[in-house]
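The values are calculated or read from the model by the stated rules, or taken from the named source; none is laboratory data. As the structure is a prediction and not an experimental result, all values here were calculated from the model. Methodologically, a virtual Cβ is constructed for each residue, glycine included, from the backbone with ideal geometry; neighbour enumeration extends over all protein chains shown.
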Amino acid sequence: MSKPLTLADAARTFRKSPTPWMIGTMLLAAAAARISLGDWQITDALVPLVMLAAFPFVEWVIHVFVLHWKPRTIAGVTLDSRLARSHREHHFAPRTVSLIFIPWQTLLIVIPVLTAVALLAFPRVELGLTFLTCISVLGLGYEWTHFLIHSDYKPKTALYRSVWRNHRNHHFKNEHYWFTVTTAGTADRVLGTYPDPKSVETSPTAKNLHGTASKL
């Protein structure tokens, strides 16, 4: 019998991907800049609370409308993002490690955009850096949780088991439900995508989103 995968084993594989390093670099830079500027106010405490509450809904919206985007051809031009293509590949081969992470090419765009938002869209640059620090932490948490769910690591706690089961149902039961990744039964309950698994039929396209596997 093979030795059970430990968190340390999983971490060694996790850190081989470029994505955690890119997000981690953004986190360190944002946190260092935020600490150096000081001027802490009550809003710096409110930002992480609001972001933590909103994050499951952000996950849901991105998962439904960006990652599960169905390719469309308008005026001879096919609209299909790298994220959507990568996610279809991820559903087709959910154990392929490189497909679990946000594509690094996408982060080359996302990180500068988030930095611009942090510096330009907040009333204080300090508050913007608080936002950037928090979104980096949430991003790393998302990547780690998503990677761990698709690894051979077995749930040890009830909380993680529920998160693990939620995402596994999305991949292997029916891709039209269970869209949150880092939580279970949060945004999905509110937005009507958290049915009793026993009441849901197994989808024939859970691995072949939109029936497009032949085009991957």
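When H63, H90 are checked against the criterion of being without any contact (Cβ under 8 Å) to a residue 40 or more places away in the chain, under 18 Å from L209 (Cα atoms) and surrounded by 12 or more Cβ atoms within 10 Å (Cβ to Cβ), a single residue qualifies: H90. Taking the criterion of being within 18 Å of the chain's Cα centre (by Cα) and basic (K, R), the residues of segment 157-188 that qualify are R161, R165, R168. Reported count of residues in segment 163-191, each being of a type in the set (G, A, S) and modelled with pLDDT of 95 or more, is 1.
Just for segment 163-216: of the residues that are under 18 Å from G141 (Cβ atoms) and of a type in the set (F, W, Y), which one is surrounded by the fewest Cβ atoms within 10 Å (Cβ to Cβ)? So the residue we want is W164.
Identify the residue in segment 132-162 that is assigned to a helix (DSSP H, G or I) and small (G, A, S) and, among all such residues, is surrounded by the fewest Cβ atoms within 10 Å (Cβ to Cβ).
Pass one, segment 132-162, residues assigned to a helix (DSSP H, G or I): 132-150, 158-162.
Still in the list and also small (G, A, S): 136, 139, 141, 158, 162.
Numbers: S136: 22, G139: 23, G141: 14, A158: 8, S162: 13.
Ranking the candidates gives A158 first.
Please go through segment 88-118 and pick out each residue that is within 24 Å of D9 (Cα to Cα), assigned to a helix (DSSP H, G or I) and aromatic (F, W, Y). Answer for segment 88-118, where residues must be within 24 Å of D9 (Cα to Cα), assigned to a helix (DSSP H, G or I) and aromatic (F, W, Y): just W104. Within segment 68-80, the set of residues being modelled with pLDDT of 90 or more and among the polar types (S, T, N, Q) is empty. Picking from residues in segment 1-15 that are in a loop (DSSP other than H, G, I, E, B) and in contact (Cβ under 8 Å) with a residue 24 or more places away in the chain, the one that is farthest from I102 (Cα to Cα) is P4. Selection within segment 12-26: residues that are polar (S, T, N, Q) and surrounded by fewer than 16 Cβ atoms within 10 Å (Cβ to Cβ). The member of this set that is nearest to W144 (Cα to Cα) is T13. Please work out if S98 is at pLDDT below 95 and either under 16 Å from the mean Cα position of the chain (by Cα) or surrounded by 20 or more Cβ atoms within 10 Å (Cβ to Cβ) (or both). Answer is yes for this residue.
Yes or no: A33 more than 24 Å from the chain's Cα centre (by Cα), at pLDDT 95 or above and surrounded by 11 or more Cβ atoms within 10 Å (Cβ to Cβ)?
Numbers: more than 24 Å from the chain's Cα centre (by Cα): yes; at pLDDT 95 or above: yes; surrounded by 11 or more Cβ atoms within 10 Å (Cβ to Cβ): yes.
So A33 fits the description; yes.
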